[in-house]
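Heads up, the thing below is written out as structure tokens.
What follows draws every value from the coordinates through simple rules; no lab data is involved. These numbers were taken from a predicted model, which means no experiment stands behind them. Methodologically, a virtual Cβ is constructed for each residue, glycine included, from the backbone with ideal geometry; neighbour enumeration extends over all protein chains shown.
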Amino acid sequence: MQDLSHTDRRFNQTQDRYAADDLETMQEARRYTDHVFGLVRGFIGSRVLEVGSGIGTMTSRLVDVADVVVGIEPNPNCATRIQEAIGSHPRFTLRVCHFEECDAAELASQRFDSVLCVNVLEHIADDVGALKGFKHVLVPGGRVVVFVPAVQAAYGPLDAELGHHRRYSKRTLRAAFAAAGLDLIRLRYTNPIGLAGWMYNGHVSKSTKHTVAQVKLFETLVAPWALPLERLVPPPIGLSLVAVGRRN
């Protein structure tokens, strides 16, 4: 049973400033962000639809490697910050709306070869429906690349504060991709040390926000050795999952 005796933003997250503030805190995790981008980089093509651009943490890296990046971000607080940071970049355009509010045929006409969702799918109630929508705007052979929180047992106050409907396992994420008609070509855990910290925050300290101090502690004491190590030895479990599905 989830403890919901705290703010539950699962149904109002796209209007709340909390999301933008939390993303700014997480921007301090530069080594970790580089690690996450490294996990998805090999599956990113030249024409990218980024669903849930946030404040531009991944977008700033995407515009360096892709010819076209179209971002979708429904939270006006995040949209303001990403426009200030990246809005004038010639390879980037932003749409301030939900994905389902977009014209699917118009998006498909953009001939995207990649859809990227980093810490977004868990915010969507109908995740299978969203994956189907992503598939339909891709060219044949295009890839849906997602990065999501893992291990439902780790679900705690911070998850609800962030607006997470769920955390995933390999089994549940594999099932979602299969239901959406996507061929799964990559599925792996990452950041087992972070999972231990999240479990502590969720079930012991009952923390409801990321703190700069915790982020900097991870960046200085854990990231320099743990992230390179897992590139050599993929972990059997972790704080997050990376999945890549291909449209036939």
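Taking the chain as a Gaussian network, where each spring joins two C-alpha atoms under 10 Å apart, which residue of Pro149, Pro236, Pro192 fluctuates the most? Of Pro149, Pro236, Pro192, the most mobile in the Gaussian network model is Pro236. For the options Gly52, Gly202, Gly38, a Gaussian network treatment of the chain with springs between C-alpha atoms closer than 10 Å singles out Gly38 as fluctuating the most.
One decimal place: the segment Gln152-Arg171 gains 5.7 nm when fully extended, by the rule 0.36 nm per residue minus the C-alpha distance. For the pair the stretch 57-86 and the stretch 148-189, the centres of their Cα atoms are 24 angstrom apart. Taking a Cβ cut-off of under 9 Å around Arg47, the surrounding Lys, Arg, Asp and Glu residues balance to a net charge of -1, with basic ones at +1 and acidic ones at -1. For the residue pairs Lys132/Lys206; Lys132/Lys216; Lys170/Lys216; Lys135/Lys170, alpha carbon separations beyond 31 Å are given by Lys132/Lys206; Lys132/Lys216. Across the chain, Cα pairs under 8 Å and at least six residues apart give a relative contact order of 24 percent. Applying 1/(1 + (r/R0)^6) with r as the Cβ-Cβ distance of Trp225 and Ser109 and R0 = 41 angstrom yields a FRET efficiency of 0.35. Computed from Cα positions, the angle between helix 127-136 and the longest principal axis of the chain comes to roughly 30 degrees. Evaluating 6.51 cos²θ - 1.76 cosθ + 1.60 at θ = phi - 60° for every residue in the stretch 230-240, the Karplus couplings come out as 6, 6, 8, 10, x, x, x, 7, x, 5, 9 Hz, glycine and proline recorded as x. Entry note, the chain: the mean residue ellipticity at 222 nm calculated from DSSP H runs of n ≥ 4, each adding -39500 (n - 2.57), is -11000 deg cm²/dmol after division by the residues and rounding to the nearest 500. Spin-label model, Ile185/His203: points 7 Å from Cα along the beta carbon direction are separated by 3.7 nm.
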